[in-house]
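Data block below; observations after.
The values are calculated or read from the model by the stated rules, or taken from the named source; none is laboratory data. Keep in mind the model is a prediction, meaning the values are calculated, not measured. For neighbour counting, all protein chains shown are included, and Cβ atoms are generated from backbone atoms with ideal geometry for every residue, glycine included. Quick note on the areas: whole protein, heavy atoms, side chains included, nothing else; ligands and nucleic acids left out. Shrake-Rupley method; radii C 1.70, N 1.55, O 1.52, S 1.80 Å.
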Amino acid sequence: MISTRKLPEGAIDGRQAVAMAPTDHVVPKPIPESQTQDPRKYQLNQMKKRYSPKQNTLQDGTTNLVFQLKPSDPDFPFELDYLECELQVPASYPKKSPRLRVKNRNIPRGFAVNIERGWDKLVHEEQSSTLLALTKALDKNLEAFLSERKTETVTLLSFRDTRHLDSSAYVLGETSSPVASAPLPESSQNKSPSPRKQYVPEESYTEEQITTARARRAQEIRQLEARMSRMPHYQKSADGIVYTLTLEPRRRGELPAELRKIQSVQLIIPLLYPLQPLKVLLNDVESKDAEPLEELFATKATQQKQMSLTSHLNYLSQNIHVLARQAHAEVKQTEKVLNPVSDTVDSAAQRTIALRVDSEDGRSHIQIIPRPPEWSFGNESGESDDSDDDLWDSEDDSDDGGAAVDAGDRGVSGISQQVERGTAMSFPSIELHTIELLQVSILNISVKCERCRTLNDITGLKPEAEKASSCKKCATSFTAKFRQEMVHQSSVRAGFIDVAGCTVADMLPRYLSLSLP
C-alpha cells in the first residue's frame, strides 16, 4: 500500500501524480462527423434547436432565419424585451460570411446599424466560431453595441411619377381608336392635346391635428351607433371604417327610376376623419347610376366639415332627390363638353331649318311673348311652388312664409314671438298632417367648448330655464337656455338657443308635444 503522506517531488496532491500531463496524451475536442461533412447544415440545425426560428430560402440559396433573441443579462439597462433578428446564411457559408438584420420597429435605425456592425465585427474576429457561438457573443455584447453613439442615417422618399402612364394612355387612345383612319374635322385637328395632370402630394397633418381628429371621430361614431344600431340593415365592418345604414329618402317619388330602389347606404369613415373626406356608397342600385351622386355628396361633405356624421346622413336623406338632379345635370354638361362637334352640327341644322321656314313664310323667326299679367303682382300668399332648388335657403326663408297670423291667433298659443337672437332651431322640411301645433318640450343638444373644442352633451333643457354645465376635458363652465316657439303650418321655427362659453354643434333626440285639431 502506497502512503499519501509522503508525496513525490513535484506532486500537487494525492490525486495528481505530476504537475503537467505529457504532451502526447493531449487530444483535441472531438468534432461530430455531420459537422465535418456539412458544417452549414449542422450549424443551421443548432440554431433551429436553440431558437426555433422561421426559416425560408431565397432563389440564390440564401437561408433566412427569423428569431427573437432575449437578452440574458438580468441587469440589462435598456427597455428591450427581445431583439428581432433576421440571420442571412449564404449558400457558400462558411466561405462567405453570414449577415444580420435587426427588425425591431421600436429601435431607431441608427442603433440597429450599430448592432449589425457589431455582428460583422464578431464574425471577422471569430471566423472559426459557429452561428450559435456568434449569436451567444452577440447576446453578451448587446449592451455595449446599444451604448455606442447613434449612427447617422438618411431617409429616402420615392414619389411615383405617373406622367409616362398618361402619355402612353394618350398614345394608345389614338392608335386603338376604330375610326383613326377616317378624316377628322378641322376643329378636332387643330385641337391641342389635353394638359398632363400635375403631381399633387398627399396632405400632411401635425400630431395635434391627428389627435383632435381621432377624438372627434370617436365622439361622432358613438352618437351614430347610439342612434342607428337598432335600425334594420345596420352593419359595421371589422376595422370600424365602413358602416351600412338604413336610408329612407324623404321624396322617393321624385328620384330617378333607377334610384328609387335604394334602401341602405355604406358610409365610409376614414381613420383621420374629418381631415380625410367622408364617402358614401349607395346600395341596391347600379354603380353607373350611383357614382355621380356619390361624388357630388363627397364634394358637399368636404365643403361642410363642421357637420357631424348624423347631420351628413340626415342631409342625404332629406336632399337626395336634389343631389340626384344636380348630378344628372353635371353629367349632361360633361357630355356636351366632350361632344362639341355633335352639338355644333345639331345647332347648325336647327338654324338651317329655322331659316328655311322663315323664308317660306316670309316672317321673322323671332317671336315676342307678352309678359303675363299675374307676374306683375307679388306673391301675397307667401307660398312657394315647393321648388327643391331653394332647399339650401329654406331655413332663412321659412320664417317669412305662410299666411298672416293676426294678434288673436297669437294669443291662443300662449307663447309670444321670441327675440331673434342666439341659435335658431327650425324644421325646414317638416310636413304636418292632422297636427295643428307642435312644440319641443325637452331639448337635448350637443355643444362644443369654446376653449378646447370638445363636444359635450346638455340634456333635459326645458323652455325658459337656464342650465349650467362644464366641459369634461378642460372644466370650462358654460350655460344654455332654450326659448320655445310653436311650430305650425305657417312657421317652421321651434325656438332659439342662447349659449355662453360654447357653441351649438348638434341636436340630440328630443321630446315633442303635439296638439291635434
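The figures follow:
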| read-out | value |
| --- | --- |
| Approximate spin-label separation residue 54-residue 79, in nm, with each point projected 7 Å along Cα-to-Cβ | 2.6 nm |
| Segment residue 41-residue 132, length gained on full extension (0.36 nm per residue, minus Cα span) | 31.5 nm |
| For the stretch 23-57 versus the stretch 266-306, the gap between their alpha-carbon centres in whole angstrom | 62 Å |
| Karplus 3J(HN,Hα) series, Hz, for the stretch 58-64 with 6.51 cos²θ - 1.76 cosθ + 1.60 (x for Gly, Pro) | 7, 5, 7, x, 5, 9, 9 |
| Exposure rank, largest accessible area first [507, 231, 425; 1.4 Å] | 231, 507, 425 |
| Dimensionless Rg ratio for the stretch 420-517, taking C-alpha atoms and the 2.2 N^0.38 Å reference | 1.15 |
| Protein accessible area in the stretch 47-111, 1.4 Å probe - carbon and sulfur % | 43 percent |
| Surface share of carbon and sulfur [accessible, 1.4 angstrom probe, percent] for the stretch 249-315 | 50 percent |
| Pair residue 452, residue 29: separation of 7 Å Cα→Cβ label points (nm) | 6.3 nm |
| Average projected area [Cα convex hull, the stretch 228-344], square nanometres | 8.4 nm² |
| Accessible area expressed per residue, the stretch 248-340, with surrounding protein chains retained (probe 1.4 Å, Å²) | 52 Å² |
| Linear extension gain, residue 140 paired with residue 317, 0.36 nm per residue minus alpha-carbon span | 57.0 nm |
| Subset of 103/150; 448/481; 49/95; 29/140; 279/305; 70/136 violating a 20 Å alpha-carbon distance limit | 49/95; 29/140 |
| Signed unit charges on C-beta, dipole axis of the stretch 424-507, positive-most listed residue 494, 458, 482 | 458 |
| Ordering of 255-261, 41-47 by packing [mean C-beta count within 10 Å, highest first] | 41-47, 255-261 |
| Average Cα contact separation per residue, the stretch 63-106, under 8 Å, 6 or more apart, as relative contact order % | 37 percent |
| Theoretical FRET efficiency, 1/(1+(r/R0)^6), r = Cβ-Cβ of residue 66 and residue 423, R0 56 Å, to 0.05 | 0.40 |
| Loop-located GluC sites (Glu not before Pro) in the stretch 452-506, at most 14 other Cβ atoms within 10 Å (DSSP) | 464, 466 |
| Estimated distance in nm for a label pair at residue 330 and residue 442, the labels positioned 7 Å out from Cα along Cα-to-Cβ | 4.3 nm |
